[in-house]
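Asker: Next up is a structure, given as structure tokens.
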């Protein structure tokens with residue numbers, strides 16, 4: 001049984017709507033700001049373009065340095081943050097969009113080929129974009145066109161995003177092992193992952209999860225870890241921790257209540273699991289979330 005242990009360091013800005021499954025954000029911070037981007041995650045993927053300054057970007061346990069006029073691709077559902085490592089003001093744009101904005105899941109062949117490889121076990125696909133490589137400069141130019149265009153019409157952004165994805169796929173995604181060796185597993189295991197995300201607050205058994213994809217428990221465990229890099233148990237615990245972060249940041253509920261409502265019967269275990277993933281306690285995370293005083297220090301706008 002995967003114990004009754006509750007997706008939420010999830011960012012609270014609403015990035016997408018049903019009619020426009022994307023958003024564009026602009027952020028500007030003074031030179032003395034230490035934190036460029038608070039620790040968070042979201043189900044959408046993201047391209048960030050650094051206009052000025054120098055930052056150290058962290059995605060899960062990996063770090064990447066970015067200078068002005070460089071960018072980074074952040075696959076979905078990954079923890080990420082950024083700190084100021086220079087002595088100048090920082091400003092950046094971000095394009096955040098759902099997979100459906102680029103390729104509809106109703107087009108099963110194209111979606112499974114070009115999009116699904118990025119949805120699971122995707123940390124290896126995170127990528128810094130530098131102008132020194134021609135194809136990466138091409139993506140940076142596309143992003144520049146989106147962010148600095150006088151007329152940001154959805155059709156133009158959607159078309160440009162498709163060009164970006166084609167360039168990224170041909171030069172990066174298609175050349176990684178994830179596209180060739182894991183594509184079939186991604187399609188096969190997606191029902192089980194969707195089941196976890198729908199029922200994560202409930203006790204989940206290995207037998208129950210394996211049955212969603214018609215595999216034995218042993219087969220399911222083996223290919224699940226091969227696809228996601230995690231055992232089913234650790235995937236569920238991680239998902240519950242991430243989901244609990246929304247309640248920590250958006251409510252005044254007691255941490256014990258949050259833990260219980262997000263599938264954790266034992267508050268001590270919740271605290272240990274939270275620290276292991278977030279590298280801070282739940283109460284420390286709650287205190288570090290940006291409040292109104294932080295928002296007054298810098299400009300941030302949704303331009304989509």
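Asker: Could you check, for region 175-184, whether at least one of its residues is at pLDDT below 90, part of a loop (DSSP other than H, G, I, E, B) and crowded, with 17+ Cβ neighbours inside 10 Å?
Answerer: Yes, region 175-184 has at least one match.
Asker: Right, here's the next one. Anything in region 55-68 that is loosely packed, with under 15 Cβ neighbours inside 10 Å and not in a strand (DSSP E or B)? List them, or say none.
Answerer: Those that are loosely packed, with under 15 Cβ neighbours inside 10 Å and not in a strand (DSSP E or B): 60, 61.
Asker: Now for a different question. Within region 125-146, which residues are touching a strand residue (DSSP E or B) at 6+ places or on another chain (Cβ under 9 Å) and either outside any helix (DSSP H, G or I) or outside the structural domain of residue 95 (by TED's automatic domain parsing) (or both)?
Answerer: Those that are touching a strand residue (DSSP E or B) at 6+ places or on another chain (Cβ under 9 Å) and either outside any helix (DSSP H, G or I) or outside the structural domain of residue 95 (by TED's automatic domain parsing) (or both): 126, 127, 128, 129, 130.
Asker: Quick test for you: out of 283, 268, pick the one residue that is outside the structural domain of residue 192 (by TED's automatic domain parsing), modelled with pLDDT of 90 or more and surrounded by fewer than 21 Cβ atoms within 10 Å (Cβ to Cβ).
Answerer: Just one listed residue meets the conditions, 283.
Asker: Name the one entry in 189, 155 that is buried (at least 19 other Cβ atoms within 10 Å of the Cβ), assigned to a helix (DSSP H, G or I) and more than 19 Å from the chain's Cα centre (by Cα).
Answerer: It is 189.
Asker: Let me ask something else about it. Looking at region 27-50, which of its residues are touching a helix residue (DSSP H, G or I) at 6+ places or on another chain (Cβ under 8 Å) and closer than 18 Å to residue 149 by Cβ?
Answerer: 47, 49
Asker: What tally of residues in region 201-211 results from selecting those that are crowded, with 16+ Cβ neighbours inside 10 Å and under 18 Å from residue 185 (Cα atoms)?
Answerer: Here the count works out to 3.
Asker: Is it the case that residue 107 is within 17 Å of residue 66 (Cα to Cα) and in the same structural domain as residue 172 (by TED's automatic domain parsing)?
Answerer: no
Asker: Could you please let me know if residue 200 is closer than 30 Å to residue 164 by Cβ, touching a helix residue (DSSP H, G or I) at 6+ places or on another chain (Cβ under 7 Å) and not assigned by TED's automatic domain parsing to the domain that holds residue 77?
Answerer: So residue 200 fails the test.
Asker: Being under 9 Å from residue 57 (Cα atoms) and under 17 Å from the mean Cα position of the chain (by Cα) is the filter here; which residues of region 73-90 pass it?
Answerer: Correct list: 80, 81, 82.
Asker: Let me ask another. Within region 99-124, work out how many residues are under 23 Å from residue 58 (Cβ atoms) and either assigned to a loop (DSSP other than H, G, I, E, B) or at pLDDT 95 or above (or both).
Answerer: Residues flagged as under 23 Å from residue 58 (Cβ atoms) and either assigned to a loop (DSSP other than H, G, I, E, B) or at pLDDT 95 or above (or both) within region 99-124 amount to 4.
The values are calculated or read from the model by the stated rules, or taken from the named source; none is laboratory data. These numbers were taken from a predicted model, which means no experiment stands behind them. No Cβ is skipped: glycine too gets one built from the backbone with ideal geometry, and neighbour counts run over all protein chains shown.
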